Amino acid sequence: MKIDCIYLKTNSQFGQYLSPWLQERNLNSSEYKNKIEEADEGIDGIVIFSENQQVDRDTEELKNAFDRRQKPVHKIDINGTVMVAVSNLDLWLERNRCKKVLFVGDDVLVKNPNLERLFNHLK
């Protein structure tokens with residue numbers, strides 16, 4: 001993966017789910033402190049993981065904060081086609097030159113087997 005650091009929300013089940021995956025791949029990670037007003041400090045872009053394009057209010061507010069600061073936003077529906085999601089993420093990272101990216105997703109995603117399937121295909 002072409003990322004230097006992945007930021008994860010503090011105390012989220014989604015973040016806790018991804019931590020072992022990041023360690024296995026020797027990817028740097030950092031905690032995101034959930035402050036909307038400082039949403040993009042040191043972060044190049046945001047990747048939003050969802051089920052059927054549904055996101056919670058907090059994630060929508062975070063997306064809007066990045067939009068206002070003209071930071072790149074990418075959405076991945078984990079119930080979609082895996083290879084399309086993987087290639088689109090690679091293209092988005094390359095096109096926007098994002099090196100420090102915030103990964104966010106609702107906590108209910110960790111119960112969906114498609115999340116594991118998706119992350120098994122990401123390199």
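The values are calculated or read from the model by the stated rules, or taken from the named source; none is laboratory data. These figures come from a predicted structure and were not determined experimentally. Cβ atoms come from the backbone with ideal geometry, glycine included; neighbour counts cover every protein chain shown.
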Of residues in the stretch 36-54 being out of contact with any Gly (no Cβ under 8 Å at 6 or more places or on another chain) and modelled with pLDDT of 90 or more, the one surrounded by the most Cβ atoms within 10 Å (Cβ to Cβ) = I46
note = Among residues of the stretch 1-20 being touching a Gly at 6+ places or on another chain (Cβ under 6 Å) and at pLDDT 90 or above, the residue surrounded by the most Cβ atoms within 10 Å (Cβ to Cβ) is L8
key: Those residues of the stretch 55-89 which are surrounded by 12 or more Cβ atoms within 10 Å (Cβ to Cβ), of a type outside the set (S, T, N, Q) and part of a loop (DSSP other than H, G, I, E, B), in sequence order   = V55, D56, K71, P72, I78, G80
Filtered residues of the stretch 21-35 (kept if basic (K, R) and at pLDDT below 75) = K35
query = When the stretch 90-99 is examined, which residues are found to be out of contact with any Pro (no Cβ under 8 Å at 6 or more places or on another chain) and either over 17 Å from K2 (Cα atoms) or crowded, with 16+ Cβ neighbours inside 10 Å (or both)?
reply = L93
